[in-house]
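The values are calculated or read from the model by the stated rules, or taken from the named source; none is laboratory data. As the structure is a prediction and not an experimental result, all values here were calculated from the model. We place every Cβ from the backbone using ideal geometry, glycine too, and count neighbours over all the protein chains shown.
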Amino acid sequence: MSHQDVIQSLQIQANPEKAAFVARYFKTGPGEYGENDRFLGLAVGEVRSIAKKFRFLPLEEVSQLIQSPYHECRAAALFIWVDQYKKGDLSQKLEVFEAYLAHLEYVNNWDLVDVSARDIVGAFLHTQDRQLLYDFARSERIWTVRVAIIATLYFIKKKEYSDTLAIAESLLSHKHDLIHKACGWMLREVGQQDLEVLREFLNEHTLAMPRTMLRYALEKLPESERQYYLKLK
């Protein structure tokens, strides 16, 4: 198997009409966050299904696949790496983690971050020094910043919230809406596990939170509480 086999499998199911729609959805116009990205027009389920067939693709071939100009090819590479990480031994997990970091420039849209950061970066760093996440959170590149906060979802599921809260706090003044959404989503997830932890964060930071971050964080709260925090803002 080679990365070309994966590309060919994806191209067979290409849908130019849908590709044009998806390109607009992912903001690929001049000056937009997905500028110049290219699409084949496959649904996420289709990409995931094809990736599953190539789950034993050698690491170096996945490294070639993720460099494709086509969004779905990069997504397939990430699905493969996530699967290989989950099922690999310690040596394989390290190899996937290091390959992911070496090719981070190709993890260049919010969906690509969201399908990979938790299950590769978060999973690996759960038992390691987590300073890398704080370094990522200070990056000038929004996708690297998003990796930092989304990776903490792995910790949240283990009922560990301190890194999520610290990174979210550090990003209160971030300028990009996609980071506000990611932080709000992770805070909401914290609240799903421990509502009091979320309330403590909100009580301290509501006034400083971007409105989008706040709205995302509040989504699962009772309506009366939602309105209380929104009115504070």
_Index of the failed condition, residue 19 passing every other in (1) touching a residue at least 24 places away in the same chain (Cβ under 8 Å); (2) closer than 18 Å to residue 112 by Cα_ = (1)
*asked:* When the residues of the stretch 212-233 are narrowed to those that are of a type in the set (A, V, I, L, M) and assigned to a helix (DSSP H, G or I), which ends up nearest to residue 148 (Cα to Cα)?
replied: 213
*Find the residue count for the stretch 1-10, including only residues that are in contact (Cβ under 8 Å) with a residue 24 or more places away in the chain and part of a helix (DSSP H, G or I).*
6
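Take the residues in the stretch 11-41 that are of a type in the set (Phe, Trp, Tyr) and part of a loop (DSSP other than H, G, I, E, B); name whichever of them is nearest to residue 178 (Cα to Cα). If you could, list the steps in order and put the result at the bottom.
Narrowing the stretch 11-41 to residues of a type in the set (Phe, Trp, Tyr): 21, 25-26, 33, 39.
Cutting the leftovers down to part of a loop (DSSP other than H, G, I, E, B) gives us 26, 33, 39.
Numbers: 26: 12, 33: 9, 39: 21 Å.
Result: 33.
Would you say residue 142 is in contact with a His (Cβ under 9 Å, 6 or more places away or on another chain) and of a type in the set (A, V, I, L, M, F, W, C)?
Working: in contact with a His (Cβ under 9 Å, 6 or more places away or on another chain): yes; of a type in the set (A, V, I, L, M, F, W, C): yes.
Yes: the conditions hold for residue 142.
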*under 19 Å from residue 52 (Cβ atoms) and in the same structural domain as residue 58 (by TED's automatic domain parsing) - does that describe any residue in the stretch 27-34?*
no
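I want to confirm something. Restricting to the stretch 53-74 and keeping residues that are among the hydroxyl-bearing types (Ser, Thr, Tyr) and not in a strand (DSSP E or B), which single residue is surrounded by the most Cβ atoms within 10 Å (Cβ to Cβ)?
Filtering the stretch 53-74 down to residues among the hydroxyl-bearing types (Ser, Thr, Tyr) leaves 63, 68, 70.
Subset that is not in a strand (DSSP E or B): 63, 68.
Working: 63: 18, 68: 20.
For the stretch 53-74, the residue satisfying everything is 68.
Say whether the condition of being among the aromatic types (Phe, Trp, Tyr), crowded, with 19+ Cβ neighbours inside 10 Å and closer than 14 Å to residue 115 by Cα is met by at least one residue in the stretch 34-41. Step through it out loud before you land on a result.
Kept after step one, since they are among the aromatic types (Phe, Trp, Tyr), are these residues of the stretch 34-41: 39.
From what's left, crowded, with 19+ Cβ neighbours inside 10 Å: 39.
Right, trim to closer than 14 Å to residue 115 by Cα and you get none.
Within the stretch 34-41, none of the residues are among the aromatic types (Phe, Trp, Tyr), crowded, with 19+ Cβ neighbours inside 10 Å and closer than 14 Å to residue 115 by Cα.
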_Residue pairs, Cβ under 8 Å, 6 or more apart or interchain, first in the stretch 83-95 and more than 16 Å from residue 57 (Cβ to Cβ) and modelled with pLDDT of 95 or more, second hydrophobic (A, V, I, L, M, F, W, C) and in a helix (DSSP H, G or I). List them._
93/123; 93/124; 94/124
*Six or more apart or on different chains, Cβ under 6 Å: which pairs go from a residue in the stretch 205-233 that's in the same structural domain as residue 164 (by TED's automatic domain parsing) to one that's surrounded by 13 or more Cβ atoms within 10 Å (Cβ to Cβ) and of a type in the set (S, T, N, Q)? Could you list them?*
229/206; 232/206; 233/206
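Within the stretch 203-212, does at least one residue satisfy the condition of being among the acidic types (Asp, Glu), in contact with a helix residue (DSSP H, G or I) (Cβ under 9 Å, 6 or more places away or on another chain), more than 29 Å from residue 76 (Cβ to Cβ) and surrounded by 14 or more Cβ atoms within 10 Å (Cβ to Cβ)? Let's see the steps before the verdict.
Taking the stretch 203-212 first, the residues among the acidic types (Asp, Glu) are 204.
Applying the additional criterion that residues be in contact with a helix residue (DSSP H, G or I) (Cβ under 9 Å, 6 or more places away or on another chain) yields 204.
This time we only want the ones that are more than 29 Å from residue 76 (Cβ to Cβ), so: 204.
Among the residues that remain, those that are also surrounded by 14 or more Cβ atoms within 10 Å (Cβ to Cβ) are: none.
Looking for residues that are among the acidic types (Asp, Glu), in contact with a helix residue (DSSP H, G or I) (Cβ under 9 Å, 6 or more places away or on another chain), more than 29 Å from residue 76 (Cβ to Cβ) and surrounded by 14 or more Cβ atoms within 10 Å (Cβ to Cβ), one finds none in the stretch 203-212, hence no.
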*Tell me, which residue of the stretch 99-129 that is within 17 Å of the chain's Cα centre (by Cα) and farther than 25 Å from residue 34 by Cα is surrounded by the fewest Cβ atoms within 10 Å (Cβ to Cβ)?*
126
